[in-house]
Amino acid sequence: MRLLPVLALLALLAPAARAQAPITIVVNFAAGGSADRMARLLAPELGEALGTQVVVKTTTGAAGAIGAAEVARARPDGTTLLLTTTGPMGVQPHFRSDLPYRVADFAPLCQLGDAPVMVMSAPGSTVRDAASLVARARAARGGFNYGSVGPGSIPHIVMVALARQNNLDMTHVPFRGSAEAIIALLRQDVEVYADLPGALRVNNLQAVGVMAEARTAEFPDTPTMREQGYDLVYSIWAGLFAPANTPAAFMERAEAACQRALRAPSVVEGFERLSTPITFRGRSDFAAFWAAELEKYRVIVQSAGVRPGD
């Protein structure tokens, strides 16, 4: 007869135990890159806000598709999240017919940041501005290499756009993450690389041009690509996603935790070091923004005729 009160107590404790289960943030780009560093800045703050341990796991490959697919297949119980960027969630759904996940597999949780794309070259490179980049690429006739974090990533798409706009024949060299691409740039295995501007100061790189509407406050001496005669405006945003059908109660708590984490001084300072302005959007606003980005890149990919082999 004493068993029933014990079972009743366990039943009451079970939801609390589930709420304390560790959370894994899957980052679908290589360790050491901007997305990975964002996740490691956020993890302790999210953990404190949610009252549980938050760990970061990197799952790389296929320009972020492998890590995204891992989260798409995860149980929708609030224990697995995806921290990812524009390429896997905005470009890849229109770029690859064999993508191992669908847009419908995810629930947007919160947007974290948004930063303009910067085209950069190695220290000492003669590619110092957009004009010298185009001139070198035109003279090289296919021998001009540029790096990216994989086919269908924003660093790939923006360089394809530049090539199509100026009838250039450039060679795409994909890497598993931004750290590898920057190493290749420093070795001059590739001539240029386009990504978040945070790598410039850390690696003493040269800024060729910023793909923004206006010059950035952090790099006021770097002209936009538009100023240099090339109408190219692109940014890379980052956000957290959960598997579709994750319980609303968890999503509500996690959205509030995300907003709180982005206010933490350590996170604010860390995002400043990454040259990524914090841009918080909650579930509803982020979902609307994501839908608009998907449509924007559908038009870009289809009108440019970009394919995985480009």
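The values are calculated or read from the model by the stated rules, or taken from the named source; none is laboratory data. If you're wondering where the values come from, they're calculated on a predicted model, not measured in any experiment. Backbone-built Cβ (ideal geometry, glycine too); neighbour counts: all protein chains shown. SASA here: full protein model, heavy atoms, side chains in, ligands and nucleic acids out. Shrake-Rupley method; radii C 1.70, N 1.55, O 1.52, S 1.80 Å.
Out of GLN165, GLN228, I need the residue that is open to solvent by 30 Å² or more (accessible area, probe 1.4 Å), touching a residue at least 40 places away in the same chain (Cβ under 8 Å), more than 30 Å from PHE286 (Cα to Cα) and in a helix (DSSP H, G or I). Which one?
None of the other options fit; the residue is GLN165.
Filter the stretch 241-265 down to residues that are surrounded by 13 or more Cβ atoms within 10 Å (Cβ to Cβ) and among the basic types (Lys, Arg) and give me whichever is farthest from LEU112 (Cα to Cα).
Looking at the filtered set, the residue picked out is ARG253.
Suppose we filter PHE241, PHE250, PHE286, PHE271 for residues that are of a type outside the set (Ser, Thr, Tyr), in a strand (DSSP E or B) and either over 28 Å from HIS156 (Cα atoms) or within 18 Å of the chain's Cα centre (by Cα) (or both); which single one remains?
PHE241
Restricting attention to the stretch 60-74, which residues are surrounded by fewer than 18 Cβ atoms within 10 Å (Cβ to Cβ) and not in a helix (DSSP H, G or I)?
GLY61
When residues of the stretch 123-142 are filtered for being open to solvent by 10 Å² or more (accessible area, probe 1.4 Å) and within 10 Å of GLU191 (Cα to Cα), how many remain?
Adding up the residues that qualify gives 3.
Take the residues in the stretch 92-119 that are assigned to a helix (DSSP H, G or I) and either over 15 Å from ALA69 (Cα atoms) or among the charged types (D, E, K, R) (or both), then tell me which one is least open to solvent (accessible area, probe 1.4 Å).
Top of the filtered list is PHE95.
If you go through the stretch 212-220 one residue at a time, do you hit one that is without any contact (Cβ under 8 Å) to a residue 60 or more places away in the chain, within 25 Å of PRO88 (Cβ to Cβ) and crowded, with 18+ Cβ neighbours inside 10 Å?
no
Pairs, please: C-beta under 9 Å, at least 6 apart or cross-chain, first residue free of Cβ contacts under 8 Å to residues at least 60 places away in the same chain and in the stretch 252-272, second part of a loop (DSSP other than H, G, I, E, B) and open to solvent by less than 50 Å² (accessible area, probe 1.4 Å)?
Listed by first residue and then by second, the contacts come to VAL268/LEU262.
On the basis of being open to solvent by less than 50 Å² (accessible area, probe 1.4 Å), within 24 Å of ARG96 (Cβ to Cβ), touching a helix residue (DSSP H, G or I) at 6+ places or on another chain (Cβ under 6 Å) and β-branched (Val, Ile, Thr), does VAL190 make the cut?
yes
Just the residues that are in a strand (DSSP E or B) and not charged (D, E, K, R), please, taken from the stretch 177-219.
Residues satisfying the conditions are VAL192, TYR193, ALA194, GLN206, ALA207, VAL208, GLY209, VAL210, MET211.
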